[in-house]
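Take a look at the structure below.
Each reported figure results from applying straightforward, stated rules to the coordinates on display, with no laboratory input. Treat the numbers as computed from the prediction; the structure is a model and nothing was measured. Positions of Cβ are backbone-derived with ideal geometry, glycine not excepted, and every protein chain shown enters the neighbour counts.
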Amino acid sequence: MEKENIAVGLDIGTTKIVAMIGKKNEYGKLEILGVGKSKSLGVARGVVNNITQTIQSIRQAVIEAENKSGYKINDVVVGIAGQHIRSIQHSDYIIRKNAEEVISEYDIQLLTDQVNKLAMLPGEEIIHVLPQEYKIDGQTDIKEPIGMYGGRLESSFHVVVGQASSIRNVARCIQSSDIELSGLTLEPLASANAVLSQEEKEAGVALIDIGGGTTDLAIFKDGIIRHTAVIPFGGNVITDDIKEGCSIIEKQAELLKVKFGSAWPGENRDNEIVSIPGLRGREPKEISLKNLSKIIHARIVEIIEQVFVEIKDYGHDDPRKKLIAGIVLTGGGAQLKHIKQLVEYITGMDTRIGYPNEHLAGNSDEEISCPLYATVVGLVMNSIENKTTSATKIGKNSNAKAEKIAVTQVEEVEEIIEDDLKNLSIPVIDKKTTEVPSNKKNFFDLSGYLGRIKEFLDNAE
């Protein structure tokens with residue numbers, strides 16, 4: 001891959017695996033260069049349960065993206081979800097050695113690293129440490145502490161934790177596909193980057209990403225992530241219900257859901273019927289769209305109610321007062337007809353469907369702008385951000401290296417002085433003649449000494 005600002009996101013979902021290659025154009029928008037999609041065969045509810053099948057699906061998606069874009073994929077940012085994900089709130093602090101020096105990125109990193117060393121439950125691993133408000137010497141509600149003075153730096157953190165084995169399995173699938181894993185991002189955070197505006201995050205908003213195997217939740221308030229959760233149900237459960245309720249095969253059930261499904265049974269008339277071809281010459285099966293909607297409605301209500309319990313846990317039973325921007329729905333499940341109205345009815349909160357098109361360049365394919373691709377668009381954005389941050393750090397490291405070289409040069413000059421001083425013999429001057437005895441051969445020659453320093457500095461340049 002060329003070293004321009006090109007990044008790759010990989011969404012390993014329960015129903016599909018999507019590889020997306022993109023870059024930022026001159027207007028700061030995301031230009032999609034290539035997308036590869038394959039059926040996800042080795043993932044259940046966001047967790048890899050068959051390494052071999054997952055690797056095959058990843059390779060298929062990656063090759064398709066490479067062929068469409070003409071770029072070779074070397075590294076990716078991968079989304080992670082699954083029922084093993086949980087989040088905790090934690091507060092920590094550091095005492096700075098010199099309160100008279102301004103707080104720098106180093107202090108923030110020191111505090112974050114301290115939280116990263118927290119002891120988790122056996123088999124768990126920290127995925128994200130997300131700082132919230134800071135506190136300096138008792139002064140609260142500080143969003144940006146860099147540049148301020150203080151001795152005690154404190155912060156509350158949103159810590160996202162996952163099962164170490166599940167994380168390692170994802171990493172192994174990537175590495176076995178001959179790709180470098182450049183970063184892991186919690187999927188609801190990636191989706192939030194793609195579909196939420198900064199104003200919504202400030203006002204307070206709950207993002208619900210209804211995927212194939214899981215439904216992810218991310219709550220923002222005052223521009224800060226406040227809560228994340230993963231509900232282990234998604235669109236696949238609805239498909240299974242249709243399959244069982246209508247006595248049809250899975251492929252037909254998925255097609256019925258996408259083409260004719262609705263979350264609101266009242267919208268369908270009793271005489272609306274769709275005919276499903278029979279298997280191996282059998283008679284076609286007639287399905288009532290009202291019955292189909294009733295099956296979908298029952299499962300969607302269950303999913304939304306579980307998500308709403310999580311939202312109420314954050315909002316203390318009346319989240320409408322805290323989350324002024326209401327709810328944003330995204331993911332493949334958000335494309336279901338009348339789901340927006342159903343969510344508003346259950347929660348009493350304003351709801352909209354989240355599309356990632358705000359961040360996409362104007363010439364982007366219409367298909368990519370749908371909620372189905374919200375997570376992978378967010379992952380590409382995250383990958384670009386990571387590369388920019390890395391470049392900034394490299395720049396800072398280069399400056400630090402230059403400073404180190406300068407210090408080394410000074411030290412070498414000091415060594416020259418020290419060596420010369422060792423060779424210096426203090427002459428005994430005859431008080432009567434004020435002449436230096438001729439036998440003091442190692443008398444310190446100042447002009448020669450200065451010449452040596454000048455020569456060293458010339459060579460250093």
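Observations
- Remark: the range 45-56, residue by residue, has Karplus-estimated 3J(HN,Hα) of 6, x, 10, 5, 10, 8, 4, 4, 5, 5, 4, 4 Hz, where x stands for each Gly or Pro and the curve is 6.51 cos²θ - 1.76 cosθ + 1.60 at θ = phi - 60°.
- Applied to the range 183-198, the Karplus parametrisation 6.51 cos²θ - 1.76 cosθ + 1.60 on θ = phi - 60° returns per-residue 3J(HN,Hα) values of x, 10, 10, 4, 4, x, 5, 5, 4, 4, 4, 7, 10, 9, 8, 5 Hz, with x for Gly and Pro.
- Close amide H partners of Glu31, meaning residues 5 or more places away or on another chain with modelled amide H under 5 Å apart, are Lys23, Lys24, Asn25, Ala361.
- Charge dipole of the range 5-160 about the Cα centre (unit charges at C-beta), most positive-ward option of Ile95, Gln53, Leu110: Gln53
- Counted residue by residue at 0.36 nm each, then reduced by the alpha carbon distance between them, the extension gain from Lys29 to Asn67 reaches 11.4 nm.
- In plain terms, if you count all Cα to Cα distances in the range 248-331 and split them into 10 Å steps from zero, the share in each step is 15, 34, 24, 17, 7, 2 percent.
- Simple spin-label estimate for Ser165 and Lys322 gives 3.4 nm between the two label positions (7 Å along the Cα-to-Cβ direction from each Cα).
- The string of couplings for the range 331-337 from the Karplus curve (6.51, -1.76, 1.60, θ = phi - 60°) is x, x, x, 6, 7, 5, 4 Hz, one whole number per residue in order, with x for Gly and Pro.
- Between Arg86 and Asp113, the C-beta separation translates, for a Förster distance of 30 Å, into a calculated FRET efficiency of about 0.90.
- The trypsin sites (Lys or Arg not before Pro) found in the range 9-41 include none that occupy coil by DSSP while having at most 12 further C-beta atoms within 10 Å.
- The gain in end-to-end length when the Phe260 to Ile51 segment is fully stretched comes to 71.8 nm, 0.36 nm per residue minus the alpha carbon separation.
- On full extension, the segment bounded by Glu358 and Glu124 gains 80.7 nm, given 0.36 nm per residue less the C-alpha separation.
- Pairs beyond 20 Å (Cα-Cα), from Lys221/Lys321; Lys24/Lys68; Lys23/Lys143; Lys257/Lys290: Lys23/Lys143
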